[in-house]
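Asker: Please see the structure below; I have some questions.
The values are calculated or read from the model by the stated rules, or taken from the named source; none is laboratory data. Here the structure is a predicted model, which means the values were calculated and not measured. In this analysis, Cβ positions are derived from the backbone assuming ideal geometry, glycine residues included, and neighbour counts consider all displayed protein chains. With ligands, DNA and RNA removed, areas are computed over all heavy atoms of the protein, side chains included. Shrake-Rupley method; radii C 1.70, N 1.55, O 1.52, S 1.80 Å.
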Amino acid sequence: MTNRLQVGIDFSQKGADFCLMFPDGQPLELHRAFDNSQSGYSLAKRLMLEALDSYQFDGLDISGEATAFYWLPFFMQLAADPDLSQHDAQLFLLNPRWVHWFKKCFAQDDKSDQRDPFYIAERTRTRRPAVSWSPQMETLPLRFYTRFRFHLVQDLAREKCYFTTFLFLKASAYRQVKPFSDTFGRTSRLVLTDSPSLDDLAALPVHDLAGHLQELSRNHLPDSLNNARKLQRAANESLHLDIQLTEPVQRILNLTLDHIAFLENQVHQVEEWITAALANQPAIGQLTTIPGIGPVFSSGLGAEIGDIQRFLQPAKWDKQRQRYRSRNLRDAEDAVAKIAGLWWPRANSGDFEAEDRRLAKTGNRYLRYYFIQAADRMRQHIPDYAAFYAAKYRQAVKHHHKRALVLTARKSVGLVVGLLHRNEAYRSKED
């Protein structure tokens, strides 16, 4: 057993609760509370340095729970502190799920700031993570952008769903008839918000309505006469709303569309920032050579995966050869897939083996999102992935598209990991 001081930290917006323990698990300081600030950091640092000097520890293991971003400034200062680096300080960032499951190994205890640091430190002491935490400042700014884009896209999807609920009140048959290919396209938005009303438009002669729609679309509609007929049908088949509700519904639709347009502009702005930041990441930029995925999805994948070398360490136990061996790209691929939640855990007991294996869906939701979005583009541009998607689509009993797309995303993990490891551009099988 190495003689290293074990430190557990439970972060919150206001404070950082510490627990210090000996290598054998005996508490040195069961609980000390500090402010999550510069002054609190100085006091916590003094406590750790005094313990290191008093008990002649060989090193220092500091573990923190990844609670929102409350841990990040404190951890970055710990990583950059020269006084702590002299004592071989190793930082470990723990997923809150790990700590939650680990606590189930013990008798029931309080869930409090006074007790949580103990379990955080004990988790690392008894099950030390294979790789320590490092800031990865090369990709962290890009990760901030790609995660913010994810946040905006989720908001955008939520607002569009909200809009469609009120659109049903205005014109219940609009989304059934589909007068335009995209409900949120330019012409459709103008029809649903600008005067004259939908009923007034539908009352126009069909050729006059077609000309009006062509004008609204700036001559982009390929068949405005067909759009006009469908729009009249949608108006005629829609259930009529009480006159007292017409104005409130229309106002909500107008403001919701304004909000949707605002979010779309924000997404566009963030994507420009992502593209600019990607210019400083040549290794991640290699992913843009994969047909279809572009700079945004490439950045999302590369920023979340980070340094691919961390998935190739430490050595792995080989069950067949009964010895440790170096990790290979297959091991790295499996590790990235697990982090993304793109794996199907086995469920067996004795002679029983479950036939249905559910997708884990745990881990990094941002990485899973960008893998699935990238896979959707790849199946449309790469014949090999199109064939794989089609085969899985036919094999699925239900949820054909979702199942096929997730399996295609899992297949793409090996390609992404390989390109990042070799720092090379994509090459098709025909090349």
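Asker: Can you find even one residue in the range 203-213 that is among the hydrophobic types (A, V, I, L, M, F, W, C) and within 21 Å of Thr256 (Cα to Cα)? Show your work before the answer.
Answerer: Initially, the range 203-213 is screened for residues among the hydrophobic types (A, V, I, L, M, F, W, C), giving 203-204, 206, 209-210, 213.
Filter once more, keeping what is within 21 Å of Thr256 (Cα to Cα): none.
No, the range 203-213 has no match at all.
Asker: Still on this structure: Check the range 405-428 and report whether any residue there is under 23 Å from Tyr369 (Cα atoms), of a type in the set (Phe, Trp, Tyr) and open to solvent by 60 Å² or more (accessible area, probe 1.4 Å).
Answerer: no
Asker: Return the residues of the range 369-392 that are crowded, with 17+ Cβ neighbours inside 10 Å, of a type outside the set (Asp, Glu) and free of Cβ contacts under 8 Å to residues at least 40 places away in the same chain; say none if nothing qualifies.
Answerer: Ile372, Ala375, Arg379, Tyr385, Phe388, Tyr389, Lys392
Asker: Give the range 112-139 a look and list any residue that's surrounded by fewer than 17 Cβ atoms within 10 Å (Cβ to Cβ) and either in a helix (DSSP H, G or I) or among the aliphatic types (A, V, I, L, M) (or both), or say none.
Answerer: Listed by number, the residues that qualify are Thr126, Ala130, Val131, Met137.
Asker: Across the range 11-32, what is the number of residues that are more than 33 Å from the chain's Cα centre (by Cα), part of a loop (DSSP other than H, G, I, E, B) and either surrounded by fewer than 16 Cβ atoms within 10 Å (Cβ to Cβ) or of a type in the set (A, V, I, L, M) (or both)?
Answerer: The total comes to 3.
Asker: Another one. Which of the helices (runs of 4 or more DSSP H) found entirely inside the range 167-232 contain at least 2 residues meeting this: exposed (fewer than 14 other Cβ atoms within 10 Å of the Cβ) and in contact with a helix residue (DSSP H, G or I) (Cβ under 6 Å, 6 or more places away or on another chain)? Lay out the reasoning, then the answer.
Answerer: On the way: elements: 174-177, 186-193, 198-202, 206-216.
In the range 167-232, no matching helices (runs of 4 or more DSSP H) lie anywhere.
Asker: Six or more apart or on different chains, Cβ atoms under 6 Å: show the pairs whose first residue is in the range 116-141 and over 22 Å from Ser85 (Cα atoms) and in contact (Cβ under 8 Å) with a residue 60 or more places away in the chain and whose second is among the charged types (D, E, K, R) and open to solvent by 20 Å² or more (accessible area, probe 1.4 Å).
Answerer: Tyr119/Lys103
Asker: Six or more apart or on different chains, Cβ under 9 Å: which pairs go from a residue in the range 263-290 that's under 23 Å from Asp155 (Cβ atoms) to one that's in a loop (DSSP other than H, G, I, E, B)? Could you list them?
Answerer: Glu264/Phe184
Asker: Taking Ala89 as the residue in question, decide whether it is surrounded by 16 or more Cβ atoms within 10 Å (Cβ to Cβ), of a type in the set (Gly, Ala, Ser) and free of Cβ contacts under 8 Å to residues at least 60 places away in the same chain. It would help to see each step written out before you state the result.
Answerer: Details: surrounded by 16 or more Cβ atoms within 10 Å (Cβ to Cβ): yes; of a type in the set (Gly, Ala, Ser): yes; free of Cβ contacts under 8 Å to residues at least 60 places away in the same chain: yes.
For Ala89, the condition - surrounded by 16 or more Cβ atoms within 10 Å (Cβ to Cβ), of a type in the set (Gly, Ala, Ser) and free of Cβ contacts under 8 Å to residues at least 60 places away in the same chain - is met.
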